[in-house]
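Student: This is the structure, below, for whatever I ask next.
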Amino acid sequence: MTNTKTERVTFEVDGTQVVGTLHLPSDHNAGKTYSAAVVGGSLTSVKEMMAGGYAKKLAEQGILALAIDYRNYGESGGTARQYEDPALKADDLSGAVGYLKDRADVNASGVGLLGICTSGGNVLYAAAQDARVGAVATVAGWFAEPSVAPLLYGSEERVQELRNTGSAARAKFEATGQNDLIPAYHDTDQTASHVGPMEYYMDKTRGGGVPEWDNELSVMSWNTWLDFDAVSQASKVTAPTLIIHSDESALPDQARKVHDLLAGPKKLHWTEGAHFDFYDGPAHVANSAKVVADFFKKNLAA
């Protein structure tokens, strides 16, 4: 296995600090330029989880890869901790693109975005609004749109209940500063935002054992989460885009739908594996990262 080097980096988005880990090839030379990419992970995840794993693999293949903590998560700032908002995340990704483009060791041809799971949708938001994005890749992307919410949460009535709960929590936060939290993932706890089987998050030898991660979601996230609409962004994305997905990953039909809607050059890499396999399964991560690295090298060449 090729060794890599890391740097802790910070930059600001709308006056709030965003923290990332930049993964560099072991033979990194500050006098050379490299293809570069920003990497984001699943809902509530931190840079020490799947984003960092993929960033390391990209660095092993000669790409500068920046795994970030979105605002409100991990080491990054934000007063509403564990609050989920795709608009904020898109701005964070754009801020990270700007950080990389300002580095002397990054190619001038654009910066790539890689999103795993939820960030697969987040990177579409960012690429749709930021012409500096030179290429996009997603792995096991969560490509939601509001019409699928009743299928995921049981009924239109249940979705409206969750929206009402989120609105009440936001009003409470604005009035008192108290941020109500629920478990983000659980095998059986029906109060969680995502209910089992959630082996990756429940297993202390996997994501559940990452000390920097909090298994919590702000209750006032319900409306922004249910409004999450990656599909609506696809037709605005003109940068070359790679989608890696499988029939066993989340919402496979949505992945095909997004691919069909993309406005620029596109590639659909259909493979095999359960959703969580693409988070930390050694073979799945290695194989997917290789496909992504080759795609970025082709589309982000100097």
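Student: Quick test of your reading of the structure: E48 fulfils all but one of (1) of a type in the set (D, E, K, R); (2) in a helix (DSSP H, G or I); (3) out of contact with any strand residue (DSSP E or B) (no Cβ under 6 Å at 6 or more places or on another chain). Name the failing condition by number.
Tutor: Result: E48 passes all but (2).
Student: While we're looking at this one, here's another question. Taking the condition of being under 29 Å from V291 (Cβ atoms), without any contact (Cβ under 8 Å) to a residue 60 or more places away in the chain and touching a Leu at 6+ places or on another chain (Cβ under 9 Å), how many residues in segment 198-237 meet it?
Tutor: 1
Student: Considering only segment 84-116, how many residues are open to solvent by 20 Å² or more (accessible area, probe 1.4 Å), part of a loop (DSSP other than H, G, I, E, B) and either at pLDDT 95 or above or not polar (S, T, N, Q) (or both)?
Tutor: Of the residues in that region, 5 qualify.
Student: Still on this model: Based on what the data block shows, is T33 in contact with a Lys or Arg (Cβ under 6 Å, 6 or more places away or on another chain) and open to solvent by 10 Å² or more (accessible area, probe 1.4 Å)? Break it down into steps so the answer makes sense when it comes.
Tutor: Numbers: in contact with a Lys or Arg (Cβ under 6 Å, 6 or more places away or on another chain): no; open to solvent by 10 Å² or more (accessible area, probe 1.4 Å): yes.
So T33 does not fit the description; no.
Student: Return the residues of segment 285-298 that are open to solvent by 50 Å² or more (accessible area, probe 1.4 Å) and not acidic (D, E); say none if nothing qualifies. Break it down stepwise before answering.
Tutor: Within segment 285-298, the subset open to solvent by 50 Å² or more (accessible area, probe 1.4 Å) is 287, 290, 294, 297-298.
Of everything in segment 285-298, those that are open to solvent by 50 Å² or more (accessible area, probe 1.4 Å) and not acidic (D, E) turn out to be N287, K290, K297, K298.
Student: Next question, about the same structure. Could you identify the single residue in L242, L217, L268 that is out of contact with any Cys (no Cβ under 6 Å at 6 or more places or on another chain) and open to solvent by 20 Å² or more (accessible area, probe 1.4 Å)? It would help to see each step written out before you state the result.
Tutor: On the way: L242 fails: open to solvent by 20 Å² or more (accessible area, probe 1.4 Å); L217 fails: open to solvent by 20 Å² or more (accessible area, probe 1.4 Å).
One residue alone meets the criteria, L268.
Student: Looking at segment 264-298, which of the residues that are of a type in the set (S, T, N, Q) and in a helix (DSSP H, G or I) is farthest from V195 (Cα to Cα)? Can you show your working first?
Tutor: First pass over segment 264-298, keeping only residues of a type in the set (S, T, N, Q): 271, 287-288.
The next check asks that each one be in a helix (DSSP H, G or I); those that pass are 287-288.
Values: N287: 29, S288: 27 Å.
Selected residue: N287.
Student: I want to confirm something. Restricting to segment 169-190 and keeping residues that are open to solvent by 60 Å² or more (accessible area, probe 1.4 Å) and in a helix (DSSP H, G or I), which single residue is farthest from G208 (Cα to Cα)?
Tutor: A175
Student: Given the conditions (1) over 15 Å from C117 (Cα atoms); (2) touching a helix residue (DSSP H, G or I) at 6+ places or on another chain (Cβ under 8 Å), which single one is not true for G53?
Tutor: (1)
Student: Condition first: over 22 Å from the mean Cα position of the chain (by Cα) and β-branched (V, I, T). Now tell me which residues in segment 5-43 satisfy that.
Tutor: T33
Student: Also, quick follow-up: Does any residue in segment 13-29 that is farther than 12 Å from N72 by Cα and of a type in the set (S, T, Y) come within less than 7 Å, Cβ to Cβ, of a residue that is part of a loop (DSSP other than H, G, I, E, B) and open to solvent by 40 Å² or more (accessible area, probe 1.4 Å) six or more places away or on a different chain, and which pairs are these?
Tutor: Close Cβ pairs satisfying both conditions: S26/T2; S26/N3.
Student: Answer yes if at least one residue in segment 64-74 is part of a loop (DSSP other than H, G, I, E, B), more than 15 Å from the chain's Cα centre (by Cα) and closer than 18 Å to K101 by Cβ, and no otherwise.
Tutor: no
Student: Scan segment 53-77 for residues that are open to solvent by 10 Å² or more (accessible area, probe 1.4 Å) and among the small types (G, A, S) and jot them down.
Tutor: Correct list: G53, G62, G74, G77.
Student: In segment 191-205, what residues are open to solvent by 20 Å² or more (accessible area, probe 1.4 Å) and either part of a helix (DSSP H, G or I) or acidic (D, E) (or both)?
Tutor: As a first pass, look at segment 191-205 and keep what is open to solvent by 20 Å² or more (accessible area, probe 1.4 Å): 191, 194-199, 202-205.
Selection gives E199, M202, D203.
Student: Identify the residue in segment 151-167 that is without any contact (Cβ under 8 Å) to a residue 24 or more places away in the chain, open to solvent by 50 Å² or more (accessible area, probe 1.4 Å) and more than 12 Å from W225 (Cβ to Cβ) and, among all such residues, is nearest to the chain's Cα centre (by Cα).
Tutor: L151
Student: Hey, can you tell me all the residues within segment 150-206 that are among the β-branched types (V, I, T) and in contact with a Ser or Thr (Cβ under 8 Å, 6 or more places away or on another chain)? Lay out the reasoning, then the answer.
Tutor: Of segment 150-206, the ones among the β-branched types (V, I, T) are 159, 165, 176, 182, 188, 191, 195, 205.
Hits for segment 150-206 are I182, V195.
The values are calculated or read from the model by the stated rules, or taken from the named source; none is laboratory data. Treat the numbers as computed from the prediction; the structure is a model and nothing was measured. Positions of Cβ are backbone-derived with ideal geometry, glycine not excepted, and every protein chain shown enters the neighbour counts. Surface areas here come from the heavy atoms of the whole protein model, side chains and all, with no ligands, DNA or RNA. Shrake-Rupley method; radii C 1.70, N 1.55, O 1.52, S 1.80 Å.
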